[in-house]
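Notes to accompany the following structure.
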Amino acid sequence: MKEVMAILRRHRTRETQRALAEAGFPGVTIVDVLGRGRESGLAYTATREGGGEQEVSMAFLPKKMLQVVVEDGEVPRLIGIIAAANRTGEIGDGKIFVCPLSQAVQIRTGNTGAAAVR
Ligand SMILES: Nc1ncnc2c1ncn2[C@@H]1O[C@H](COP(=O)(O)OP(=O)(O)OP(=O)(O)O)[C@@H](O)[C@H]1O
Ligand SMILES: [Mg+2]
């Protein structure tokens, strides 16, 4: 099993969740996080009063982190769905990280491993 963590633009969350559910991944955890990538939190270019432009930067930007646990064989398809729902080609589209996961337990049934995740 793998835990797939995706750190994404906040306003893409609903669309991403819908795409995941339609593709057979209904289970997801969503966390509000603060983060920075290679632009170090550079946020946007703003227009000054009276003209001119000014880069506005923030130390950290608010993002949404989606966590989805799946069987190993599902990882490429899951990554494809998340990437397709979040790629604009602009900086800040997000990042996806894949971590090994040692166990999962469905509390109601006592199912463990893949049966708890499916
Ligand atoms: N190396 C990293 N380790 C942990 N979290 C990261 C890392 N890089 C990015 N993140 C997280 O992912 C979020 C989105 O990153 P972002 O999409 O800006 O990546 P990037 O590497 O800067 O690529 P881009 O140039 O397309 O913006 C960040 O705000 C941060 O929360
Ligand atoms: Mg960035």
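Coordinate-derived values only; no laboratory data. Everything quoted here is computed from the prediction, not taken from an experiment. Cβ atoms come from the backbone with ideal geometry, glycine included; neighbour counts cover every protein chain shown.
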Inset, instruction - Measure off 7 Å from each Cα along the Cα-to-Cβ vector at GLU71 and VAL31, then give the distance between these two points in nanometres to one decimal. - result: 2.6
Inset, instruction - Could you check the simple spin-label distance between ALA23 and GLN103, using points 7 Å along Cα→Cβ, in nm with one decimal? - result: 3.0
Inset, instruction - Averaging sequence separations of C-alpha pairs under 8 Å and six or more residues apart, then dividing by the length of the chain, give the relative contact order as a whole percent. - result: 41
Legend entry - Proximal charge balance of SER102 [Cβ under 12 Å; K/R count +1, D/E count -1]: 0
Legend entry - Paramagnetic reach from GLU90 (point 7 Å along Cα→Cβ, amide N under 19 Å) across the stretch 1-37: 7-16, 35-37
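Roughly speaking, what is the stretch gain from ARG14 to PHE60, that is 0.36 nm per residue apart minus the C-alpha to C-alpha distance, in nm to one decimal? Working shown, then result.
Details: separation 46, 0.36 × 46 = 16.56 nm, distance 2.21 nm.
Length difference between fully extended and current span is 14.3 nm.
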Legend entry - Positive-end residue of PHE60, ALA83, ILE30, charge dipole of the stretch 2-117 with Cβ unit charges: ILE30
Inset, instruction - Could you calculate, for the chain, the ratio of the Cα radius of gyration to the Kirkwood radius, expressed as Rg to Rh? - result: 1.10
Legend entry - Degrees between helix 75-86 axis and first principal axis of the chain (Cα, 0 to 90, nearest 10): 30
